[in-house]
Amino acid sequence: MDFLAASKLFDVRGLIVVVTGGGTGIGLMMTKAFALNEASKVFIVGRRKEKLEEAAKVSPHGNIIPIVGDVTSKESLIQVASQVKQEAGHVNFLCCNSGSMPQTIAKDPTQVSAAEFAKAALDQDMSNWNDTYASNVTGVAFTAFAFLELLDAGNRNRGPGGVQSSILVTSSVAAFLRGARANTPYTCSKTAVTMLVKHLADKFGQYDVRVNAIAPGLFPSDMSTGLVAAGGESKGDPTEEGAYPRSFIPAQRLGKTEDIAGTVLFLASAAGAYLNGCILLNDGGRLGLLPGTY
Ligand SMILES: NC(=O)c1ccc[n+]([C@@H]2O[C@H](COP(=O)([O-])OP(=O)(O)OC[C@H]3O[C@@H](n4cnc5c(N)ncnc54)[C@H](OP(=O)(O)O)[C@@H]3O)[C@@H](O)[C@H]2O)c1
């Protein structure tokens, strides 16, 4: 029964991991989980070199490796994958976590006329939508394509427990939101990427590469600052229970590093080895308060 000890079941030692957007926010929480639990190498990818270099300092094991790259550029992704191939030869776990959120159009349809809403909607540039899809959907697909051969190689270089290679995509609770005030380009991009995960799970399943998604609720990050502000002032540390009323988040707090760390350790280890095409909602119950489609 030794194999059921938590230290064995959730063991990620020796894995080669890539985390896009791994230098900040939720991606940094993922990076910490792997680096501090002795993954062999954790490659973190983003456009801002200084953020990546700062993040690399969090591990005492010297196993975080920054790579500057842009997930909206195929050339950049191919270059990043080629560097990882040179330095590690394979990948066991790929986190497609990079993403962006556009500004919402200024008008709230519950408050303005159709004419006012239409004007505000048409005043925005279409790039507001297209750029969001480029990073949140197309960028995820091409990150997965760029790393498929290395994940295939990961199946011949497995970590503890002989777990198959896999991909984790950061979707969002927003994937399931409807409601007049939702940030439509962002929610649609996250709905699309959730469907992409199911497609890739079937396609890549042919190569023994599994694909799953996490759909986080509110976690502290640069991106979520405006959304969190809607909950009003927190009572003390926003990630401690009691910081917010149940009417904002049933868990009464924002998500924290442990909530992401536990999820990624589960999905990357023998504990989660049977999951494929799974969308794991990790939101402290917030979706239950909003008009949704889950
Ligand atoms: N925080 C939340 O409450 C929440 C909830 C649900 C889902 N999410 C999702 O979680 C993921 C991480 O977001 P976050 O909240 O942690 O915010 P964040 O700290 O702003 O992280 C976004 C990360 O994505 C990277 N990125 C953005 N565009 C990129 C590009 N073109 N190429 C490479 N990297 C790029 C950024 O790095 P550079 O700018 O340096 O490139 C940054 O590290 C996103 O997919 C987001 O949609 C967040």
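The numbers here are math on the coordinates, done by the rules we state, and not lab data. Bear in mind the structure is a predicted one, so any value in this text is a computation, not a measurement. Neighbour counts are summed over all protein chains in view; Cβ atoms, including those assigned to glycine, are modelled from backbone coordinates with ideal geometry.
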Discussion item. Taking 29 Å as the cut-off for C-alpha to C-alpha distance, list the pairs among LYS49/LYS107; LYS51/LYS119; LYS107/LYS256; LYS8/LYS41 that go past it.
Written reply: LYS49/LYS107; LYS51/LYS119; LYS107/LYS256
Item to complete: For the chain, give the share of DSSP beta bridges that are antiparallel, in percent and rounded to the nearest 5; count only bridges with both residues there.
Response: 5
Worksheet, complete the sentence: Going residue by residue through the range 101-110, the Karplus relation 6.51 cos²θ - 1.76 cosθ + 1.60 with θ = phi - 60° gives ³J(HN,Hα) values, rounded to whole Hz and with x marking Gly or Pro, of 10, x, 5, 7, 5, 5, 8, 9, x, 7
Worksheet, complete the sentence: Sorted on mean Cβ neighbours within 10 Å (highest first), peptides 224-230, 91-97 come out as 91-97, 224-230
Worksheet item: At what distance in angstrom do the alpha carbon centres of the range 167-186 and the range 192-261 lie from each other?
Response: 11
Worksheet item: In the chain, which helices (entire DSSP H runs) extend 30 Å or more along their own long axis, judged by Cα positions, while averaging at least -1.0 on the Kyte-Doolittle scale?
Response: 184-205
Fill in: Computed [θ] at 222 nm, helices only, for the chain once each DSSP H run of length n ≥ 4 contributes -39500 (n - 2.57)
-11500 deg cm²/dmol
Worksheet entry | Taking MET126, MET1, MET223 and counting other C-beta atoms within 10 Å, the order from fewest to most | MET1, MET126, MET223
Discussion item. What's the ranking of 283-292, 63-72 by average number of surrounding C-beta atoms within 10 Å, highest first?
Written reply: 63-72, 283-292
Discussion item. Taking the Cα centre as origin and putting +1 on Lys and Arg beta-carbons and -1 on Asp and Glu beta-carbons, what dipole magnitude results for the chain, to the nearest 20 debye?
Written reply: 280
Worksheet item: If we count other beta carbons within 10 Å of each Cβ, what is the order of ARG48, ARG253, fewest first?
Response: ARG48, ARG253
Worksheet entry | Whether the range 150-220 is rounded, prolate or oblate, judged on the alpha carbon gyration tensor where a/c under 1.5 counts as rounded | prolate
Fill in: Span per principal axis, largest first, for the Cα atoms of the range 48-166 (Å)
60, 29, 29
Item to complete: Please say if the range 193-279 is rounded, prolate or oblate, where rounded means a/c under 1.5 for a ≥ b ≥ c the square roots of the C-alpha gyration tensor eigenvalues, and otherwise the choice is prolate for a/b larger than b/c and oblate otherwise?
Response: prolate
Worksheet item: Once a ≥ b ≥ c are taken as the square roots of the eigenvalues of the Cα gyration tensor of the range 145-294, is the result rounded (a/c under 1.5), prolate (a/b larger than b/c) or oblate (a/b not larger than b/c)?
Response: prolate
